[in-house]
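Enquirer: Can you keep this structure in mind? I'll have questions shortly.
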Amino acid sequence: MELIDGKKAAAEIKQEIAAAVEKRVAEGKRRPHLAAILVGHDGGSETYVAHKIKACAECGFQSSLIRFESTPEEPLSQDELLAAVDKLNNDPDIDGFIVQLPLPRHIDENAVIEAINPEKDVDGFHPVNVGRQSLGLPCFHSATPAGIVELLARNGIATSGKRVVIVGRSNIVGKPLAAMLMQKGDRANATVTVCHSATPDLASVTRQADILVAALGRPGFVTADMVADGATVIDVGTTRVPDASRKTGFRLSGDVDFESVAPKCSFITPVPGGVGPMTICMLMKNTLLAAERAEEKK
Ligand code: GUN
């Protein structure tokens with residue numbers, strides 16, 4: 001069994017991006033500028049956004065964090081949030097931006113995503129980018145699936161002709177990953193099955209996978225009996241579970257029961273240190289791409 005080191009790959013990619021940025025700057029071009037909108041104080045979102053801002057610094061980007069308070073007593077209105085999105089859409093200094101999800105329940109997430117200019121949608125969540133991705137056209141690919149594809153490629157794990165089973169059909173991971181891996185191309189060309197809560201006899205499907213991706217957000221869901229000998233297992237789960245032995249009071253748990261599954265695998269991603277760091281890297285790659293495209297349009 002070989003551990004797939006997402007932290008190492010992410011560090012390499014950030015160095016590659018930083019080198020590209022310094023080259024741009026030496027040519028008199030602007031540093032890429034990523035903005036993030038964060039509403040409220042969800043613990044996971046605070047951590048993710050902090051990591052994104054830190055990664056911007058590592059890549060030589062400018063970054064801006066736009067925070068909004070929202071409490072049950074004083075909720076942020078959807079219109080206020082849409083106004084902030086509009087401002088970023090029209091700010092020539094911002095190459096790309098994200099609205100960190102989840103949003104408070106009273107805000108229509110889809111309405112906010114659709115308000116983002118697709119050319120600045122570095123999360124790749126806007127229907128224009130999702131549609132272009134599904135057609136195999138140039139677009140911003142959403143970061144987690146792009147990170148998984150990059151991790152597989154950098155570890156020499158071929159997807160062409162392989163059977164990929166994805167457990168989870170979210171708009172952020174399951175659906176876009178299926179679209180990417182089923183395309184024609186070197187880093188794709190797989191036979192993809194997407195499983196979800198209505199899939200009967202799930203284990204009989206997951207056992208057919210050469211590459212099994214767990215992205216359903218249920219800690220330890222994938223057990224050894226669900227995995228074929230020699231499979232590659234990619235764990236996208238990052239659920240906070242209480243852990244009194246940690247200073248924070250929690251630890252991150254993947255969707256795979258690592259102890260029982262790992263001995264059966266040819267490759268497996270750890271949690272943390274697998275897919276997570278790659279996701280942030282791919283966001284940085286998209287932001288660099290957005291800056292390059294903005295430059296071409298001048
Ligand atoms: N929440 C969980 N993952 C993501 C992500 O990739 N982007 C945004 N904007 N919110 C998220």
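Enquirer: Taking ASP79, is it surrounded by 14 or more Cβ atoms within 10 Å (Cβ to Cβ) and among the acidic types (Asp, Glu)?
Expert: No, not satisfied.
Enquirer: Shifting gears a bit: Which of the residues that make up the range 129-147 are touching a helix residue (DSSP H, G or I) at 6+ places or on another chain (Cβ under 8 Å) and surrounded by 17 or more Cβ atoms within 10 Å (Cβ to Cβ)?
Expert: The answer is ASN129, VAL130, GLN133, CYS139, PHE140, HIS141, SER142, ALA143, THR144, PRO145, ALA146, GLY147.
Enquirer: Do any residues in the range 16-33 that are over 25 Å from MET278 (Cα atoms) have Cβ atoms under 7 Å from those of residues that are surrounded by fewer than 17 Cβ atoms within 10 Å (Cβ to Cβ), where the two are at least six apart or on different chains, and which pairs are they?
Expert: LYS29/GLU295
Enquirer: Contact list please: Cβ distance under 6 Å, first residue in the range 79-105 and among the small types (Gly, Ala, Ser), second residue within 14 Å of the ligand (Cβ to nearest atom) and assigned to a helix (DSSP H, G or I), pairs at least six apart or on different chains.
Expert: Hits for this filter: GLY96/LYS120; GLY96/THR287.
Enquirer: Among the residues of the range 173-200, count how many are under 23 Å from ILE98 (Cβ atoms) and either touching a helix residue (DSSP H, G or I) at 6+ places or on another chain (Cβ under 6 Å) or not hydrophobic (A, V, I, L, M, F, W, C) (or both).
Expert: 7
Enquirer: Exactly one of (1) over 24 Å from GLY217 (Cα atoms); (2) touching a Phe, Trp or Tyr at 6+ places or on another chain (Cβ under 8 Å) is unmet by ASP93. Its number?
Expert: Failing condition for ASP93: (2).
Enquirer: Within the range 132-156, can you find the residues that are within 13 Å of the ligand (Cβ to nearest atom) and either touching a Phe, Trp or Tyr at 6+ places or on another chain (Cβ under 8 Å) or within 19 Å of ALA291 (Cβ to Cβ) (or both)?
Expert: Of everything in the range 132-156, those that are within 13 Å of the ligand (Cβ to nearest atom) and either touching a Phe, Trp or Tyr at 6+ places or on another chain (Cβ under 8 Å) or within 19 Å of ALA291 (Cβ to Cβ) (or both) turn out to be PHE140, HIS141, SER142, ALA143, ALA146.
Conditions tested, residue by residue: (1) touching a residue at least 40 places away in the same chain (Cβ under 8 Å); (2) crowded, with 19+ Cβ neighbours inside 10 Å; (3) more than 13 Å from VAL149 (Cα to Cα); (4) within 16 Å of the ligand (Cβ to nearest atom).
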position	(1), (2), (3), (4)
VAL167	yes, yes, yes, no
THR193	no, no, yes, no
THR199	no, no, yes, no
ALA224	yes, no, yes, no
ALA231	no, yes, yes, no
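Enquirer: Given the conditions (1) closer than 16 Å to ARG169 by Cα; (2) charged (D, E, K, R); (3) touching a helix residue (DSSP H, G or I) at 6+ places or on another chain (Cβ under 9 Å), which single one is not true for ARG207?
Expert: Status for ARG207: all satisfied but (1).
Enquirer: Out of contact with any strand residue (DSSP E or B) (no Cβ under 6 Å at 6 or more places or on another chain) and either free of Cβ contacts under 8 Å to residues at least 12 places away in the same chain or basic (Lys, Arg) (or both): does that describe LYS120?
Expert: no
Enquirer: Filter the range 86-131 down to residues that are assigned to a loop (DSSP other than H, G, I, E, B), more than 10 Å from the ligand (Cβ to nearest atom) and more than 14 Å from ALA290 (Cα to Cα), then give me how many there are.
Expert: The total comes to 7.
FYI, it's all coordinate maths here, none of it is from the lab. Here the structure is a predicted model, which means the values were calculated and not measured. Every residue, glycine as well, gets a Cβ built from its backbone with ideal geometry; the counts of neighbours run over all protein chains shown.
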